[in-house]
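J.: One structure follows; several queries about it will come next.
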């Protein structure tokens with residue numbers, strides 16, 4: 001009985017120690033946040049997103065106050081979308097899988113402890129896009 005109790009305590013302590021030390025996205029100074037396209041009010045961004053000439057792919061949309069990443073899924077769906085900061089490079093990674101459904105996703109890049117004013121800290125100066133573990137260029141970069 002004592003051995004069982006000791007084993008349970010040892011396992012519980014190990015699990016708690018691992019969970020407490022595990023890093024999370026909250027520690028990253030730069031993160032991607034999903035934006036609900038249906039509730040978006042910015043007409044300029046909506047014009048880019050709803051452009052019927054857009055091909056399937058990933059687009060960067062830059063405004064005065066924010067930087068957006070738009071995943072246009074016509075023949076593909078984009079999954080496991082995540083970001084990671086290495087030095088001054090923001091790496092955005094995802095997987096592309098064939099799909100018969102429209103699957104559009106919009107993300108905004110948020111920088112921790114900053115506002116939309118010009119006095120924000122610069123955490124990154126380059127964005128790299130990796131799709132299916134291969135570096136690819138954005139389909140286009142729209143500045144609006």
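The values are calculated or read from the model by the stated rules, or taken from the named source; none is laboratory data. Here the structure is a predicted model, which is why all the values come from computation and not from measurement. Every residue, glycine among them, receives a Cβ derived from its backbone with ideal geometry; neighbour counts consider all protein chains shown.
J.: Within segment 88-120, which residues are loosely packed, with under 15 Cβ neighbours inside 10 Å, modelled with pLDDT of 85 or more and not in a strand (DSSP E or B)?
T.: If the condition is that a residue be loosely packed, with under 15 Cβ neighbours inside 10 Å, modelled with pLDDT of 85 or more and not in a strand (DSSP E or B), then 88, 100, 101, 102 are the ones that fit.
J.: Can you name the residue in segment 126-144 that is assigned to a loop (DSSP other than H, G, I, E, B), surrounded by 12 or more Cβ atoms within 10 Å (Cβ to Cβ) and modelled with pLDDT of 90 or more and, of all such residues, is nearest to the chain's Cα centre (by Cα)?
T.: For segment 126-144, the residue satisfying everything is 138.
J.: Can residue 123 be described as out of contact with any helix residue (DSSP H, G or I) (no Cβ under 7 Å at 6 or more places or on another chain), modelled with pLDDT under 90 and either surrounded by 14 or more Cβ atoms within 10 Å (Cβ to Cβ) or in a strand (DSSP E or B) (or both)?
T.: Considered against the rule, which asks whether it is out of contact with any helix residue (DSSP H, G or I) (no Cβ under 7 Å at 6 or more places or on another chain), modelled with pLDDT under 90 and either surrounded by 14 or more Cβ atoms within 10 Å (Cβ to Cβ) or in a strand (DSSP E or B) (or both), residue 123 comes out as yes.
J.: What tally of residues in segment 69-87 results from selecting those that are closer than 18 Å to residue 142 by Cα and either under 12 Å from the mean Cα position of the chain (by Cα) or surrounded by fewer than 15 Cβ atoms within 10 Å (Cβ to Cβ) (or both)?
T.: 3
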